[in-house]
Each structure stands twice: as structure tokens, then as C-alpha cells.
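The values are calculated or read from the model by the stated rules, or taken from the named source; none is laboratory data. All values derive from a computational prediction rather than experimental measurement. In this analysis, Cβ positions are derived from the backbone assuming ideal geometry, glycine residues included, and neighbour counts consider all displayed protein chains. Quick note on the areas: whole protein, heavy atoms, side chains included, nothing else; ligands and nucleic acids left out. Shrake-Rupley method; radii C 1.70, N 1.55, O 1.52, S 1.80 Å.
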Amino acid sequence: MMIILLLIIQLSGCGKRPELAALPGEVQPVMAVPQTLTEELAGSFLPGWEGSGALRKWRTESGGYAVGLTEIDGEWYWFDWDGTLATGWIETETDGHTVWRYAGSDGVLVDGLTEIDGEWYWFEDRKMVTGWIETEKGRMYAGEDGTLVRNGTADGIWLDEDGYAIQQAFSPDPELMDEVDAVIEGCPAGISVVFCDLLSGERWSWNETQAYYIASVFKLPYSLWLFERADAGEIDLNMTIPFTAENHRGDAGIIQFSEYGTLYSLHELIADALIYSDNTALEMLKSEFPSTDFDQWINADRFGLTADMTDSTDTVTNAADCCTFAEMAFWYMESGAEHADEFAASYCAADDRLINSEYVTGQKYGWWDQYLHTAAVVYAERPFAIAICTDWGTRTPEDEANIQAVFDAVCALFTKE
């Protein structure tokens, strides 16, 4: 009887995978064990899919399951350590470096130009690429997270809405330039126009040095100054300033309708100054950050300006300087600085717009005492900056129509047919 019992115990263990004993307090590692029974059986299995949905596996000819990068019927897949088919983003390692792959819901690894959740990526050999990319259609650039730059700059080079780098040199169409001339000459006297191709830096101007009262265009470079100081850690944009009778200014903005004593953060004040051209917001900011300090910044060598900005209520400007302000805004928005996106959100959301465009446009208008201006950045196929300054008197629909006509003629230079 004892002999029979021992035979039963021995037979019950046949064909089972041996277990590795773990030391006390240790977690037993999972070992990959070939799933073939004997070498003689290798190659005798019919390969194919098993399971369904998230549990799909590929049975190989050896009888085990595919693991890692696997080609099946001309398509490539990634299988986890247990043979399960991977989908979505897949983090792997190659030669000690992290490699990202992506598989669709069917498990097929993507390659080439691919849209994922509204963003575009480039994959080579089914691996996500970062940095500069050479393609048959042109150069592209992917950031550290793999997303392709579109309608933006990388290393000072502009990439269009499809993500391809465009040439830096720019030569406007002569016939379209003649049209710009004709439109400006058809406007009333007292207008200055300067525009700039933001990629090559080339400028074109009409009456660029005529002096004008700066009006609310002042708020554009002043806001840039505050954001740069915040980037440098010199000021905290969460700081609050109370609205008082001393800093109450009418004529423009929304803060003037608040109760005295209401606290506003620097975030809010800068946004109100840019979006609503809020004069009270500017006075509140200047109470903490004087124009005299701003004047030293704006006249630093980096901008090439020599304008007196010590007092915003008594400052003159010209179209050339206003175009420079717009250029400064563009390069700050494209700088990747800590507060660049916050600035762009306000600059491109101006409530009162002298120019209308199908393209994303940042603009700061100025209107006061017979002066009407705009300093704008336009994200056209080739982004450009434009400043239009006038001393036409009261703001009328005819004035606005003339400014719009000038803008439309200039915009045509930078857009595709």
C-alpha cells in the first residue's frame, strides 16, 4: 500500500513547472520559462492569435508566446513580458536608453508622421523621435516630449502649421508691394506704417519716424518688462495691490467699476492692461513698479531703442519703435519663458481690436487725444509684426476701415495664394 502511495505522489508532479523557493522576506522573481515540452516538439505548433481584447497573445511555433518586438504578417507589435499585446504608449529600453513607441488599439506599432490625441509625432523604426527630423517633405522639429512644433519656432527657425521649416529669406511679391503703397497713399495724411518679416528680420516702412503720443501702446512693452522680471524671480505675480481713489483712472478698462479696497493680483492687473487696455490697472502697477525703472530696461542695448519712457502719460513714440515693441512680444511668446504663454494669452485676446484677421493675432491698440495706433503680431504662414500709427483725430468707422485696408494689403504679402 505504501509503495502505491509513493507512486501516486511522484506521478502527480510530472509535467508541472518547478517552483523556485524564495528566501524569507524576499519576493520571488518571475522567471521566463520556455513553454515547449521538449526540443523534439519545437516547431510543431501552429502560430496564431489567442485570446481577445487586452489579453491577446501570439502563440509561436515553439509553443510559447511572443515577447517584445515582433513582426507578424508584415506588421510590428510589442508584447509584454507575459506575452500580452501592448497598446497605447509603450516605454522600452534600447542600449540603456529609454525608447517610446506607440501602438494603436489593434496593437500595430505606428511609424512615420502620426497624430495622437490631437498632437503630431514622428516615429522612425517604430520609435518616437525628438529634435530635428529630416523628411522627404522638409525639416521638422519635435520637442523633448516628442510633439512636433507647428506654427512656432525651434532654434530661431519657423515651422509652419504642418510642422515643416520654411526658408528664412523673404522677398515680397512686387505687385503686392505696389498694392500696399497704393492703399497707404490713399489714406488721409498723418499715417505711419512699419512692418517686419519676423523670420528674416527685414523691414519696410512709410513715414516711420514721425512722432506720436504713445497712448495705450505703452502697456505692451511695460507688461513684457514685468513678465521678464517675474521670470527672473524678481517679482511675485501673486502679489496683490488694492484699488484706491489715488490710482483710479477712467476712460478705459473694467477695474474702475470695482469697489475701493478690492485687491488685484499682478496676474490680473497685467491681463486687464493688455486685454481691456485698463488705465487703472496700469496706474496700480506703476504704483509698485515705476516707469523710471522700466525706462532703463527698455533702453538697454538689446532692443536698440532710445525712447524716453520715464512717464507713460507724457511719452512720444513712432511706428518704428512700435514695430519693435511687437517684435519683442513675438520673440518673448516664442521664448519658452515661464510666463510666455500667460503673456500670449492676454496679448492675443485684446478686447478692442483695430484689425481683424483670420490668423491668430496679438495686438495692442492706443487711442487718445487724436491718436490712434496698433502694434500687432500676426501668426500668418510667415509671421509678421506691424505697427500703424495715426493722428487722425476722433476714432471713426472710416478711420478703422482705412487701418483695416492697410493691414489687409500687408497681410497678403505673408500668406499663401
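Step by step: first the residues of the range 213-240, then only those that are touching a residue at least 40 places away in the same chain (Cβ under 8 Å) and part of a loop (DSSP other than H, G, I, E, B), then the one that is farthest from L269 (Cα to Cα). Which residue is that? Looking at the filtered set, the residue picked out is I214.
To keep it simple, each residue is scored yes or no on (1) modelled with pLDDT of 55 or more; (2) within 45 Å of the chain's Cα centre (by Cα); (3) more than 13 Å from G107 (Cα to Cα); (4) assigned to a strand (DSSP E or B).
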| position | (1), (2), (3), (4) |
| --- | --- |
| G25 | no, no, yes, no |
| V33 | no, no, yes, no |
| A54 | yes, yes, no, no |
| E61 | yes, no, yes, no |
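Restricted to strands (runs of 3 or more DSSP E) entirely inside the range 156-210, those with at least 3 residues that are within 22 Å of the chain's Cα centre (by Cα) and at pLDDT below 95 are 157-159.
Evaluated against (1) closer than 30 Å to G53 by Cβ; (2) modelled with pLDDT of 95 or more; (3) of a type outside the set (D, E, K, R), T98 falls short on exactly one condition, (2). The single condition among (1) open to solvent by 70 Å² or more (accessible area, probe 1.4 Å); (2) under 19 Å from I214 (Cβ atoms) that Y260 does not satisfy is (2). Summed over the range 391-417, the residues that are modelled with pLDDT of 95 or more, touching an Asp or Glu at 6+ places or on another chain (Cβ under 8 Å) and either of a type in the set (V, I, T) or under 15 Å from T361 (Cα atoms) (or both) give a count of 1. Note on the range 114-140: residues that are touching a Ser or Thr at 6+ places or on another chain (Cβ under 9 Å) and either farther than 19 Å from T87 by Cβ or of a type in the set (S, T, Y) (or both) total 3.
Go through the range 370-415 and give me each residue that's assigned to a strand (DSSP E or B) and farther than 22 Å from G152 by Cα. Working first, answer last.
Taking the range 370-415 as the starting set, the residues that turn out to be assigned to a strand (DSSP E or B) are 371-378, 384-390.
Residues satisfying the conditions are Y371, L372, H373, T374, I388, C389, T390.
Checking each residue in the range 92-119 for being among the β-branched types (V, I, T) and surrounded by 14 or more Cβ atoms within 10 Å (Cβ to Cβ) picks out T92, V99, V108, V110, T114, I116.
Is it fair to say W122 is surrounded by 19 or more Cβ atoms within 10 Å (Cβ to Cβ), modelled with pLDDT of 95 or more and under 27 Å from the mean Cα position of the chain (by Cα)?
On the way: surrounded by 19 or more Cβ atoms within 10 Å (Cβ to Cβ): yes; modelled with pLDDT of 95 or more: yes; under 27 Å from the mean Cα position of the chain (by Cα): yes.
The answer is yes for W122.
The selection criterion, being over 19 Å from F227 (Cα atoms), at pLDDT 80 or above and over 28 Å from the mean Cα position of the chain (by Cα), does not hold for A307. When restricted to residues that are assigned to a loop (DSSP other than H, G, I, E, B), farther than 13 Å from G48 by Cα and open to solvent by less than 60 Å² (accessible area, probe 1.4 Å), the range 63-79 contains 1.
Note on the range 308-347: residues that are without any contact (Cβ under 8 Å) to a residue 24 or more places away in the chain, over 23 Å from G233 (Cα atoms) and part of a loop (DSSP other than H, G, I, E, B) total 3. Condition first: touching a Phe, Trp or Tyr at 6+ places or on another chain (Cβ under 7 Å) and in contact (Cβ under 8 Å) with a residue 60 or more places away in the chain. Now tell me which residues in the range 161-193 satisfy that. The answer is I166, I184, P188, G190, S192, V193. Among the residues of the range 384-399 satisfying the criterion of being open to solvent by less than 50 Å² (accessible area, probe 1.4 Å), over 9 Å from H373 (Cα atoms) and not aromatic (F, W, Y), which is nearest to the chain's Cα centre (by Cα)? The qualifying residue nearest to the chain's Cα centre (by Cα) is A385. Of the residues in the range 142-156, none is open to solvent by 60 Å² or more (accessible area, probe 1.4 Å) and farther than 30 Å from E327 by Cα.
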